[in-house]
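Here is the structure we will look at.
The values are calculated or read from the model by the stated rules, or taken from the named source; none is laboratory data. Because the structure is a prediction, the values reported are computed rather than measured. Using ideal geometry, Cβ is built from the backbone for each residue, glycine included, and neighbour counts are taken over all protein chains shown. Keep in mind that these areas ignore ligands, DNA and RNA; they rest on the heavy atoms of the full protein, side chains included. Shrake-Rupley method; radii C 1.70, N 1.55, O 1.52, S 1.80 Å.
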Amino acid sequence: MSPRRNRPRGGGRTTRRAGEAEDRYGLERTEEWRGEEWVVRQIAGQSAAKHYRCPGCDQEIPPGVPHVVAWQRDGRVEDRRHWHRACWNARDRRSARLQRSRSAPRY
């Protein structure tokens, strides 16, 4: 019996969709939303090391949870926002009037 292969066959070629680039942080693509061009990067669970607040549902994204980082193409680094994947996909169906409780953290 031969040993198990841990590498995919095919000479190390990867398949990517058009408009996507990969770097050390995750798979990156551009999307059109509200007439603006947005850069969207998927973050794997093992790469997520901090707590974030999702602007779609105003809930916390704990470390270790896969999520999406989105910012406008011409935006600053400070304008990046971390979203749950489901919240990013449902962003057009979400209300902009989220109310935070008094005891909720403001980060």
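Just a yes or no: is a residue in the range 23-38 surrounded by 11 or more Cβ atoms within 10 Å (Cβ to Cβ), at pLDDT below 90 and part of a loop (DSSP other than H, G, I, E, B)? The answer is yes; a qualifying residue exists.
Taking V65, is it of a type in the set (V, I, T) and at pLDDT below 90? Spelling it out, it is not the case that V65 is of a type in the set (V, I, T) and at pLDDT below 90. Number of residues in the range 39-66 that are open to solvent by less than 20 Å² (accessible area, probe 1.4 Å) and part of a loop (DSSP other than H, G, I, E, B) equals 3. Quick one: would you say H82 is at pLDDT 90 or above, more than 21 Å from R93 (Cα to Cα) and of a type outside the set (D, E, K, R)? Taking the combined requirement at face value, the residue does not satisfy it.
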